[in-house]
């Protein structure tokens, strides 16, 4: 038993505890009191999970590129499936991001009054699923966790969502399932190509990087790359596969949105870096101009659509499409800076967008509307709220000294120095996206927080209560810390990132040589 | 001519141990009948207790036979004890056990005659077990008839209900029709080969020593008729048309039973006839025959899964939806059939049996006595009103859709994997295309499996909903099927190994029996 396994399965145990609590120890207490017990219990579980994840960071050796703190137990022997988990530079921060965001999203769900127990159980199962995705070092296990995240999210949207929740939930499910089934086919194909004995990601990656071109032809590699990429790019989501995201975000409850934007989308970009780049570097290089084009379209399109949204939540959702475009751009620049930036942007986006969704949720809870036009002049009645909202928006739009800046800056430099065709053009266009994101976020702030109080209801709004402060302040602190002390975070990821970069680099060069012959 | 009795008996190998499970099931059936007569007051409790004890004993006898599994023949080769028999028998008994547990509440709530139900299920089990063990066309027919006739009666058990009567009559007529096909096919195969024993038939085909000149055509026609007959019984397209009506009209628990236990048993016989009897690689005749049925079944498999899945999308009734889904699952199982490897088919049937029985158990509860509420819209909003039942149903449906970590996922995974392996070994590309078709089909199926979940959890509750009373036995069934679904999904090793044990030599098997 090491800390990774404990962290991964603690939330699941917590879910079981909640289930049993509701079945056997609920007694004759009133529903309201019981619900409170569920909330506190879940908060406790997620906090304990967060604490349990800290030793992973403390024991992490940043000089080592490969996976660490590995557990490997044989599981389904006839298939060669093992329970193989560990963390490396790619996953370490994502694990912590997940455990960190969870207690906050529990705080953000305090106002949920419908079926609290089931709600919390789904959130906890979701946490185990997400952690499992990041720590799995076995493709079968990875797929298992990847799918497990789907079901709780589906219920969270479908049961606790807004008006069009059924449409959004089914759309979310179908989009993701189509992608992941294709990925399953690709995983099985990779398993066979590798000899049909193991699903181990580390072994397969090593074997592929040594003998990739003797094991399979280039068209096969292209097909497999495509199957993996499609699953992950739907999840990211890359334009034009993004249409499920605004629906899901708008309909999901606040906690669902925080987790969806904060962690679930990162499973896509994580997958790209874990599978597509190391397994098929040549194809990745080949596809880079196309993917980057789509990413840039996504950046600009997302920003433009965000600008005209009357609904705050939809605005933040489209800003996610835009920001995740940056991440994809950074990944496919194949430069160390670009990849580092992509990873950093993943974390930064998780923090700042999570906070943005939280902020939107807070006023929605008070006024039951998310339309920008219904607000105005909130700065007067809600000074604390406004301060925090402004800081996280500035973080999201990439103001220096806040976390968004570091990621975007690294990505832009990385892309500019990349040897992918048209990379410089992409950088310039993505730069336009940075400006646009300033436009839509600032414009929203202006309309929501400043100006005259047009609606009398807004003048009476209460400022943040203690619970909301507890949820938001850690996010703000982290946004600042990540903005001024980026090396703290980047050091841990450096070794793994440069290993990935080398894999892409060398194989790319080999291909150029072959072409020259 | 003097007949040496003892040597004849020796050659027949009258090994009672080999038919122990069948014997126990049949004897329990008889005891159950007597119990019904003796305990007229407490017939339901007494009969169900007898039935449960009998089935548990049957299960134990199967486990007892397991270590000695080999290709040993008993009764002159009419009965065989191998992995195929044991694994499918296990599934059959499991389905019966669940059906008996469900029936305890069913016969009480509906005020139906109490003792016969259990007796009928036990006889159906005996027939199913015989089907699994049969290695001779005659024994197969015997088992099939015992299993079928009891199931016809079970389908019409709710005598006062017009739907059940229709279902039963339809099932009977079409079942009799398909049995005629089977019997005719058997006769033709016997005519062509001069044998009824499957191993003997295989030898005849391998050595190309058919009974007479031109018997080749007769053999082919016979095989085709067998295919049609079995195709009817397992509800594969295009012989599936009876299924939705029969499944909808029969009492829910009978539907669940029909769709699993007897079906698995027929699958076992189907597998044995074709992959043992009609598979004689190497010989020209054998290869030709194999090629013919292989291609036909490949087409049938794709048709079955596609038709099942596509039509299921349009269903408004949950029982019809599951009927079409069971057609689709038969299509997937046929894909495993084509690999000639029993273990993956058996494992798939086991996962299918657990999910299907679990789902029908929930539906029986929701449908109320008399099966009044079986429209999907009747389920609206009940998700959190009866969370235990609804979440169970959701889990079974998601498992059928192939979502991990439930059994349905692993079942499909092994099935597709074994098809892919077989394709690599034989070098024929057909199986790979079948796998592709099956994967695409699974994607389609996700849509309709989600629909009842959407209705249950995401829609508002219809007024006038009363919580169904879930008895102890039904709770036990749900626990069993749920745990089984997760157990097979997460730790499939043990069961897979048991289904997949290498065949032992006769000596080893005999030693193990002693």
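Of the numbered conditions (1) in contact with a helix residue (DSSP H, G or I) (Cβ under 7 Å, 6 or more places away or on another chain); (2) outside any helix (DSSP H, G or I), residue B:219 satisfies every one except a single condition; which is it?
All conditions are met except number (2).
Looking for whichever is surrounded by 24 or more Cβ atoms within 10 Å (Cβ to Cβ), more than 13 Å from every other protein chain (Cβ to nearest Cβ) and more than 22 Å from residue A:150 (Cα to Cα) here; the options are B:354, B:415. Which one fits?
Result: B:354 is the single residue among B:354, B:415 that is surrounded by 24 or more Cβ atoms within 10 Å (Cβ to Cβ), more than 13 Å from every other protein chain (Cβ to nearest Cβ) and more than 22 Å from residue A:150 (Cα to Cα).
Go through the range A:177-195 and give me each residue that's touching a residue at least 40 places away in the same chain (Cβ under 8 Å) and either more than 27 Å from residue B:391 (Cα to Cα) or at the interface with chain B (Cβ under 10 Å from one of its Cβ atoms) (or both).
A:178, A:180, A:182, A:183, A:184, A:185, A:186, A:187, A:190, A:191
I'm told residue A:61 meets every condition in (1) surrounded by fewer than 23 Cβ atoms within 10 Å (Cβ to Cβ); (2) assigned to a loop (DSSP other than H, G, I, E, B); (3) touching a helix residue (DSSP H, G or I) at 6+ places or on another chain (Cβ under 8 Å); (4) away from chain B (no Cβ under 14 Å) except one. Can you identify the failing condition by its number?
Result: residue A:61 passes all but (3).
Step by step: first the residues of the range B:463-474, then only those that are touching a residue at least 24 places away in the same chain (Cβ under 8 Å) and in a helix (DSSP H, G or I), then the one that is nearest to the other protein chains (Cβ to nearest Cβ). Which residue is that?
Step by step, filter the range B:463-474, then rank; the result is B:474.
Are there any pairs, at least 6 apart or on different chains, whose C-beta atoms fall under 8 Å, with the first in the range A:356-377 and at positive phi and the second in a helix (DSSP H, G or I) and modelled with pLDDT of 80 or more, and if so, which?
Every condition considered, the pairs that remain are A:376/A:447; A:376/A:448; A:377/A:449.
Quick check on the range B:356-383: of everything there that is part of a loop (DSSP other than H, G, I, E, B) and more than 29 Å from the chain's Cα centre (by Cα), which residue is farthest from residue B:326 (Cα to Cα)?
B:381
From the list A:152, A:103, pick out the single residue that is closer than 15 Å to residue A:260 by Cα, more than 10 Å from every other protein chain (Cβ to nearest Cβ) and either surrounded by fewer than 22 Cβ atoms within 10 Å (Cβ to Cβ) or free of Cβ contacts under 8 Å to residues at least 12 places away in the same chain (or both).
That would be A:103, the only listed residue that is closer than 15 Å to residue A:260 by Cα, more than 10 Å from every other protein chain (Cβ to nearest Cβ) and either surrounded by fewer than 22 Cβ atoms within 10 Å (Cβ to Cβ) or free of Cβ contacts under 8 Å to residues at least 12 places away in the same chain (or both).
Hey, among the residues in the range A:133-157 that are assigned to a helix (DSSP H, G or I) and in contact with a strand residue (DSSP E or B) (Cβ under 7 Å, 6 or more places away or on another chain), which one's nearest to residue A:244 (Cα to Cα)?
The residue in question is A:145.
Name the residues in the range A:78-100 that are within 14 Å of chain B (Cβ to nearest Cβ) and in contact (Cβ under 8 Å) with a residue 40 or more places away in the chain, would you? Walk me through it before giving the result.
Kept after step one, since they are within 14 Å of chain B (Cβ to nearest Cβ), are these residues of the range A:78-100: A:78-83.
Scanning the range A:78-100 gives A:79, A:80, A:81, A:82, A:83.
Determine which single condition residue A:56 fails, assuming it passes every other condition in (1) within 11 Å of chain B (Cβ to nearest Cβ); (2) at pLDDT below 90.
Checking residue A:56 against (1) within 11 Å of chain B (Cβ to nearest Cβ); (2) at pLDDT below 90, the one that fails is (1).
Quick check on residue A:296: is it crowded, with 24+ Cβ neighbours inside 10 Å and modelled with pLDDT of 90 or more?
Values: crowded, with 24+ Cβ neighbours inside 10 Å: yes; modelled with pLDDT of 90 or more: yes.
Considered against the rule, which asks whether it is crowded, with 24+ Cβ neighbours inside 10 Å and modelled with pLDDT of 90 or more, residue A:296 comes out as yes.
Any idea which of (1) in a helix (DSSP H, G or I); (2) farther than 22 Å from residue B:416 by Cβ is the one residue B:281 doesn't satisfy?
(1)
Please go through the range B:428-461 and pick out each residue that is more than 26 Å from the chain's Cα centre (by Cα), more than 23 Å from residue B:323 (Cα to Cα) and within 12 Å of chain A (Cβ to nearest Cβ).
B:458, B:459, B:460
Against the condition at pLDDT 85 or above, under 22 Å from the mean Cα position of the chain (by Cα), in a helix (DSSP H, G or I) and farther than 30 Å from residue A:338 by Cα, how does residue A:414 come out, does it pass? First the steps, then the outcome.
Values: at pLDDT 85 or above: yes; under 22 Å from the mean Cα position of the chain (by Cα): yes; in a helix (DSSP H, G or I): yes; farther than 30 Å from residue A:338 by Cα: no.
No: the conditions fail for residue A:414.
Within the range A:106-126, track down each residue that is within 14 Å of chain B (Cβ to nearest Cβ), within 12 Å of residue A:254 (Cβ to Cβ) and not in a helix (DSSP H, G or I).
Scanning the range A:106-126 gives a single hit, A:112.
Restricting attention to the range B:312-321, does a residue exist that is over 18 Å from residue B:238 (Cα atoms), within 18 Å of the chain's Cα centre (by Cα) and assigned to a helix (DSSP H, G or I)?
So far as the range B:312-321 goes, yes, one or more of its residues are over 18 Å from residue B:238 (Cα atoms), within 18 Å of the chain's Cα centre (by Cα) and assigned to a helix (DSSP H, G or I).
Can you tell me which condition residue B:422 does not meet? The list is (1) touching a helix residue (DSSP H, G or I) at 6+ places or on another chain (Cβ under 7 Å); (2) within 12 Å of chain A (Cβ to nearest Cβ); (3) more than 30 Å from residue B:102 (Cα to Cα), and all the others hold.
(2)
Based on what the data block shows, is residue A:50 within 16 Å of residue A:493 (Cα to Cα) and away from chain B (no Cβ under 14 Å)?
No, not satisfied.
Which of the residues belonging to the range A:68-88 are part of a loop (DSSP other than H, G, I, E, B) and on the phi < 0 side of the Ramachandran plot?
A:77, A:78, A:79, A:88 - these are the residues of the range A:68-88 that are part of a loop (DSSP other than H, G, I, E, B) and on the phi < 0 side of the Ramachandran plot.
Would you please list the contacts, defined by Cβ atoms under 7 Å and residues six or more apart or on different chains, that run from a residue in the range B:400-415 that is in contact (Cβ under 8 Å) with a residue 12 or more places away in the chain to a residue that is in a loop (DSSP other than H, G, I, E, B)?
Cβ pairs passing all conditions: B:408/B:402; B:409/B:402; B:409/B:403; B:410/B:492; B:412/B:402.
Has the range B:148-162 got at least one residue that is part of a helix (DSSP H, G or I), at pLDDT 85 or above and within 30 Å of residue B:298 (Cβ to Cβ)?
Yes; the residues of the range B:148-162 include at least one that is part of a helix (DSSP H, G or I), at pLDDT 85 or above and within 30 Å of residue B:298 (Cβ to Cβ).
Against the condition in contact (Cβ under 8 Å) with a residue 24 or more places away in the chain, surrounded by fewer than 22 Cβ atoms within 10 Å (Cβ to Cβ) and either touching a strand residue (DSSP E or B) at 6+ places or on another chain (Cβ under 7 Å) or within 14 Å of another protein chain (Cβ to nearest Cβ) (or both), how does residue A:202 come out, does it pass? Walk me through it before giving the result.
Details: in contact (Cβ under 8 Å) with a residue 24 or more places away in the chain: yes; surrounded by fewer than 22 Cβ atoms within 10 Å (Cβ to Cβ): yes; either touching a strand residue (DSSP E or B) at 6+ places or on another chain (Cβ under 7 Å) or within 14 Å of another protein chain (Cβ to nearest Cβ) (or both): no.
When the stated conditions are applied, residue A:202 does not pass them.
Checking the conditions here, which among B:138, B:93 is over 15 Å from the mean Cα position of the chain (by Cα) and within 25 Å of residue B:176 (Cα to Cα)?
Of B:138, B:93, the one residue that is over 15 Å from the mean Cα position of the chain (by Cα) and within 25 Å of residue B:176 (Cα to Cα) is B:138.
Tell me which residues, restricted to the range B:482-497, are within 11 Å of another protein chain (Cβ to nearest Cβ) and farther than 20 Å from residue B:342 by Cα.
B:490
Just the residues that are at the interface with chain B (Cβ under 9 Å from one of its Cβ atoms) and part of a helix (DSSP H, G or I), please, taken from the range A:158-174.
Listed by number, the residues that qualify are A:158, A:159, A:165, A:166, A:169, A:170, A:173, A:174.
The values are calculated or read from the model by the stated rules, or taken from the named source; none is laboratory data. In this text, all values refer to a predicted model and were calculated from it rather than measured experimentally. Using ideal geometry, Cβ is built from the backbone for each residue, glycine included, and neighbour counts are taken over all protein chains shown.
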